[in-house]
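First comes the structure, then the notes that go with it.
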């Protein structure tokens, strides 16, 4: 099967990157998506971390009767033969793929891959790196973010739109025109094992609430965040802490550094268990649950819920 490229997206059950529970594939030929596939995958263990579930909504009950990765790989490995592979934040998805192959003793394929973040930068400036921010800039629909097939198609469309906006008639012409965008070799990938291996990655930025002020002159007083006290904890996947705080402030929200009886919303991102402990709960989250038990109306929301409320 020969294509311009295939775009892929994995979702994982827990912080171990061999725990793929969903895979989406979008195959592109002549700058059009001509094939797509979606798989639910039963991971090596039945452990589903609640924060991962909060992102993609998949539980063990959803996949317990689904095929293991080797059965899925037998159906899709031909897509990785002589085709470029692209993913958004490719290091993550390629690490998931490599961990799954190693987990089951499968041969490591020899293909080249690109990251759509680097590709799409050729057609946009000063735009956030997340898939949601990039697709919004290009006017690409992303109706079910963190569904693996939806994200794979969005990644493919992002690359297609970039190629067109750069005046190229094919993906092959595009990579020839932009020689600075070089493919990586999958066999050479120094794959990440789990989210806990974060030393080589930047931790979330510590931002004081005093540094953030609304950048708009008027507010929509009907917005769900208007006048509400909001606290953040953990690392968000689709935007950095400063950006999230700024977006909240622009709705008229009141940013707070700590949880109290007056807190309306606690936005919970991914926690580093090496810092917060094995239960994965930060001190802010523990305090919020304590106050909720005492009868205070504090809403604990995940990143997906925060974005939905942010969009009104």
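Structure data summary
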read-out	value
Beta bridge orientation in the range 209-310: antiparallel %, DSSP, nearest 5	10
Value of relative contact order over the range 1-75, rounded to a whole percent, pairs C-alpha under 8 Å and six or more apart	28
Beta bridge orientation in the chain: antiparallel %, DSSP, nearest 5	55
The chain: angle of helix 148-165 to the longest principal axis, Cα-based, in degrees nearest 10	70
Inter-centroid distance (Cα atoms) of the range 236-276 relative to the range 62-82, Å	37
Angle between the chain longest axis and helix 90-103 axis [Cα atoms, degrees, rounded to 10]	70
For the range 116-167, projected area of the alpha-carbon convex hull averaged over all directions, nm²	3.1
In nm, spacing of pseudo-spin labels at residue 210 and residue 184 (7 Å Cα→C-beta vector)	4.0
Sequence ranges 282-292, 60-70, 7-17, ranked by mean other-Cβ count within 10 angstrom, highest first	7-17, 282-292, 60-70
Å³ per residue enclosed by the Cα convex hull of the range 113-255	165
Sum of -39500 (n - 2.57) over DSSP H runs of 4+, divided by residues of the chain (222 nm, nearest 500)	-9000 deg cm²/dmol
Hydrodynamic radius (Kirkwood) for the range 209-310, which is based on Cα pairs only, to one decimal in Å	14.0
Cα-based helix-to-principal-axis angle, 283-293 vs the chain, degrees rounded to 10	60
Computed over the range 5-188: relative contact order in percent, which uses C-alpha pairs under 8 Å that are six or more apart	27
For the range 209-310: relative contact order, % (alpha-carbon pairs under 8 angstrom, 6 or more apart)	31
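Throughout, read-outs are computed from the coordinates displayed, never taken from laboratory work. For clarity, every value in this text was computed on a predicted model and none was experimentally measured. FYI the Cβ positions are ideal-geometry reconstructions off the backbone, even for glycines, and counts take in every protein chain you see.
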